[in-house]
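Reading through the structure tokens given below for one structure.
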Amino acid sequence: MDIFLQQLINGLVLGAIYALVALGYTMVYGILGLINFAHGEVVMIGAMVALSVIQMLVASGIALPGPVIAALGLLAAMPVCMALGYGIERVAYRPLRGAPRLAALITAIGMSILLQNAAMIIWGRQYHSFPALLPATPHQFAGATINDLQIFIVLLAAAAMLVLLYLVHRTRLGRAMRATSENPEIAGLMGVNINTVISITFVVGSALAAVAGVMISAYYGVAHYFMGFMLGLKAFTAAVLGGIGNLAGAMLGGLLLGIIESLGAGYIGDLTGGFLGSHYQDVFAFLVLILVLVFRPSGLLGERVAERS
Amino acid sequence: MVRRHLLSVGMGLVAAAFLAACGREAPPPPPASKAEAPKPPPEIVVKLGSVAPLTGPQAHLGKDNDNGARLAVAEINARGLMIGGAKAKFELLSEDDQADPKTGTIVAQKLVDARVAGVIGHLNSGTTIPASKIYNDAGIPQISPSATNPKYTEQGYKGAFRVMANDVQQGKVLGEYAVARLGARKIAIIDDRTAYGQGLADEFEKAAKASGANIVGREYTSDKATDFRAILTNVKARKPDLVFYGGMDAQAGPMVAQMKTLAVKAKFLAGDGAQSPEFIKLAGPAAEGVVASSPGLPLDKMPGGKGFTERYTAKYGQIQIYAPFAYDAAVTLVEAMQKANSTEPAKYLPELARISRQGVTGPIAFDGKGDLRNGPITLYVVKSGKWDALETVGGEAAAPAAAPAAQKK
């Protein structure tokens, strides 16, 4: 039982991480109907920038408590990512707004490769170790272990989702976003500056990506230039599972996907008598993607989306 | 509609991956010999291939190998060498196989097409084995500095050599050490499902079982993973007193760190893929007390270790693991050419097969299969943030006929 619980906790934290990234995908999709494949790369850049700042701070020998250093790293990474998100939209997506969807999709993938290679040139190709700055005191809980950082990540993902929900459904800006999402032309005629709204969406999503990047690197203790790729795919799967375009769906999809992966990796070996092993972990994510696309393309919570596109 | 849209997403991804795969082209080699001052000896350009993962999680190791070979070529060129009455100028063509077997065969073909005289590489067993067929078909000799899977030299290829002990030997040393010296009774094994990781883990399992230990769990990951919590939770449930990992440092580092956060109390043991300074960086404080083996002598005990370290670090910085072996591989190839007085693969291959020379890493001579004769294996432990040599098994004796463990299968 404690093993089951431990796998559940592992899955929950993993899922919260997917959810943090999936929120970024889903926000952009909700408004533009575009899958921003460069989002995973923004997460990676966030982690790398934060890492550089943190390494500088650590090397300079200023004695600061760990969480403060991590927070400073994050503070440096956020504006960079926000600028990057704005830049990506401005350079790669805005000129193609009227173009067929496939064109925008291909630029998104191109952007992703571009960012990955730029990061490879700047930060090198090796794995960087991310110092353990955040407290990770383990707590025993019904026979399973959970640490402060894990609790924090889950709470953070939930908070991010709530703030975004509030932003979209309760604020003036959110109303503009929803209007743009429904019909950009009419929203424009009604006095909504859709360019600004879309830019803000990207900027908010990218700030969130910076947070996700720092949390992920702190959790796994490593950062590298291609960490965004697989993460992006998994988060995309999570967003589709929950219903892409739906914020609560991204959260739900992320958590479910994390738990499916964790339990899958944990039990497949025993269930198949050792025929399939735990290295099939990634298979589960994509199996879920295929099943959802076949049986419920609009995802668990998504309804509107199907008719939109 | 969404479905179709997402389908096109998938196809776009495949297309992108394909484009990325064929995007890299080496710049064309510079024009061979320019017309020079009156009547110097004719100059020939001899191309050597060097293959290792230069991108991806093992890029630091790949660069290490590549630099080792590069240093050798630079030194040989600086000395100036006459082969077959011509002044030989060696040129190193570096290729990136991304530690991926598929890419490995593509770049191997590329080197064959570029008419290299010999190949130093590849780094991983998983890429070396499929690539070795291509080199063999083209008759090009190949020395791998670091591929330790026994299969590589068991295919019966005449031109396939390696300059370090293989995993049958290494797995045996590790398995016996785990039981006899670390007192392990219940052992959990994790591997990364590559030819190297899986092969080493299998050999380790055999040896540990033969020594009387119980294998309580076998888990798997990939050579690109960073999250090991799910499998470590399973491992923890089986209460092992030792965890063995067959794989590379990029996974071993975070794995050890995550073991600590999950309060897995078992000792950690690994093979040469994890025995790098990078591992200690990635694992952080959790690295303390980790034991790993590596074929070859400790760097400071290698006959040419001190000089090599000085020359290498002056040019390229810290040595990871295999740079001295890549250096030896390159020098060995050239020395065989020199002995045969030819850069023709068919002519110098027999010389290579019966070469006996003192390399930086120790005496270099090959057995009938192409394995290094009497390759020693050293065990290391992490002590206050550095790898400390514990003991060396085998080697030294240099009795040519012995090679005891090599045939054991």
- Go from 0 up to the bin containing the longest alpha carbon distance in region B:242-335, width 5 Å each, and give me the % of pairs per bin. 3, 13, 22, 20, 16, 12, 8, 5, 2, 1, 0
- Message: Per DSSP helix of 4 or more residues, -39500 (n - 2.57); summed, then divided by the residues of chain A. What does that give at 222 nm, rounded to the nearest 500?
- Response: -25000 deg cm²/dmol
- Query: Across 5 Å bins from the origin, how do the percents of Cα pairs in region B:324-363 run, short distances first?
  - Reply: 6, 29, 33, 19, 11, 2
- Task: Summarise the partner chain shielding of B:244-253 as one whole number: the mean count of Cβ atoms from other chains within 10 Å of each residue's Cβ.
- Result: 1
- Query: Which percent of Cα pairs goes in each bin when the distances of chain B are cut into 20 angstrom slices starting at zero?
  - Reply: 27, 54, 17, 1
- Message: Test of understanding: ordering A:H169, A:H224, A:H39 by Cβ neighbours within 10 Å, fewest first, what list do you get?
- Response: A:H169, A:H224, A:H39
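Compute the relative contact order of chain B as a whole-number percentage, counting only Cα pairs closer than 8 Å that sit 6 or more residues apart in sequence. The partial results should precede the final answer.
Numbers: 870 pairs, mean separation 64.8, N = 409.
After rounding, I find 16 percent.
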- D for region A:157-309, whole µm²/s, Stokes-Einstein with Kirkwood Rh over alpha-carbon pairs at 37 °C and 0.692 mPa s: what number? 188 µm²/s
- Task: Using +1 at the Cβ of each Lys and Arg and -1 at the Cβ of each Asp and Glu in chain A, identify which of A:A104, A:A157, A:I3 lies farthest towards the dipole's positive end.
- Result: A:A104
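Treating the beta-carbon of each Lys and Arg as +1 and of each Asp and Glu as -1, no other charges, what is the dipole magnitude of chain A about its Cα centre, to the nearest 20 debye?
Values: 13 positive and 11 negative charges, 168 e Å.
Taking the Cα centre of chain A as origin, the dipole is about 800 debye.
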- Message: Cross-link candidates for B:K110: which aspartates and glutamates have Cα within less than 12 Å, leaving aside residues fewer than 8 places away along the same chain?
- Response: B:E25, B:E95, B:D96, B:D97
- Radius of gyration, Dmax [region B:231-292; alpha carbons; angstrom]: 10.5, 31
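What ratio of Cα Rg to 2.2 N^0.38 Å holds for region A:132-186?
Values: Rg = 18.6 Å, N = 55, 2.2 N^0.38 = 10.1 Å.
Here the answer is 1.84, to two decimals.
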- Given N residues in region B:34-163, what is Rg(Cα) / (2.2 N^0.38 Å)? 1.11
- Item | Alpha-carbon radius of gyration plus Dmax, which is the widest Cα pair, for region A:1-123 in Å | 17.8, 55
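First check a/c for region B:135-240, with a ≥ b ≥ c the square roots of the eigenvalues of its C-alpha gyration tensor; if it is under 1.5, answer rounded, and if not, answer prolate when a/b is larger than b/c or oblate otherwise.
On the way: a/c = 3.37, a/b = 1.74, b/c = 1.93.
In terms of gyration-tensor shape, oblate.
For the pairs B:K209/B:K301; B:K133/B:K306; B:K151/B:K236; B:K339/B:K369, flag any whose C-alpha to C-alpha distance is greater than 26 Å.
Numbers: B:K209/B:K301 32 Å; B:K133/B:K306 36 Å; B:K151/B:K236 33 Å; B:K339/B:K369 21 Å.
Distance filter (> 26 Å) returns B:K209/B:K301; B:K133/B:K306; B:K151/B:K236.
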- Among B:D66, B:D191, B:D241, which one shows the biggest mean-square fluctuation in a GNM of chain B, springs joining Cα atoms closer than 10 Å? B:D241
- Item | Dipole axis of region B:218-322 (+1 Lys, Arg; -1 Asp, Glu on Cβ), positive-most option in B:G307, B:A286, B:L262 | B:L262
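With charges set only on the Cβ (+1 for Lys and Arg, -1 for Asp and Glu), what does the dipole of region B:257-375 come to about its Cα centre, in debye to the nearest 20? Don't jump to the answer; show the numbers that get you there.
Details: 14 positive and 11 negative charges, 39 e Å.
The dipole magnitude comes to about 180 debye.
If contacts are Cα pairs under 8 angstrom and at least 6 residues apart, what is the relative contact order of chain A in percent? Can you show the working numbers first?
Values: 514 pairs, mean separation 106.2, N = 309.
RCO, chain A: 34 percent.
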- Partner aspartates and glutamates for B:K89 [C-alpha distance under 16 Å; skip if fewer than 8 residues away on the same chain]: B:E36, B:E43, B:E75, B:E335, B:E344
- In chain A, with Lys and Arg counted as +1 and Asp and Glu as -1 at Cβ, which of these residues, A:G266, A:A187, A:I122, has the Cα nearest the positive end of the dipole, that is, farthest along it? A:A187
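Find the relative contact order for region B:134-192 and round it to a whole percent, using C-alpha pairs within less than 8 Å whose residues are 6+ positions apart. Can you show the working numbers first?
Numbers: 48 pairs, mean separation 16.7, N = 59.
For region B:134-192, the relative contact order is 28 percent.
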- Averaged over B:261-268, number of beta-carbon atoms from partner chains that fall within 10 Å: 3
- Task: Considering the convex hull of the alpha carbon atoms of region B:187-298, report its projected area averaged over all viewing directions, in nm², one decimal.
- Result: 6.5 nm²
- Expected 222 nm ellipticity per residue - DSSP helices of 4 or more, -39500 (n - 2.57), all of chain B, to 500: -13000 deg cm²/dmol
- Span-like helix ranges in chain A, DSSP H, alpha carbon extent 24 angstrom or more, Kyte mean at least 1.6: A:39-60, A:66-88, A:148-170, A:194-220
- Message: Debye calculation, C-alpha points only, no solvent: report log10 I(q)/I(0) for the protein assembly as shown at q = 0.05, 0.08 Å⁻¹, in the same order as the q values.
- Response: -0.27, -0.67
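Given axes a ≥ b ≥ c from the Cα gyration tensor, I'd like to know whether chain A is rounded (a/c under 1.5), prolate (a/b larger than b/c) or oblate. Show your work: numbers first, answer last.
On the way: a/c = 1.68, a/b = 1.21, b/c = 1.39.
Oblate.
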- Roughly what angle does helix B:249-261 make with the longest principal axis of chain B, taking Cα atoms, 0 to 90 degrees, to the nearest 10? 20 degrees
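About the Cα centre of region B:87-237, how large is the charge dipole given +1 on each Lys and Arg Cβ and -1 on each Asp and Glu Cβ? Please answer in debye to the nearest 20.
Numbers: 20 positive and 18 negative charges, 74 e Å.
For region B:87-237, the charge dipole is close to 360 debye.
Just so you know, all these numbers are worked out from the coordinates, no wet-lab data involved. Just so it is clear, the structure is predicted and the values come from calculations on it, not from any experiment. Because the Cβ atoms are built from the backbone with ideal geometry, glycine has one as well, and the counts that use them run over all protein chains shown.
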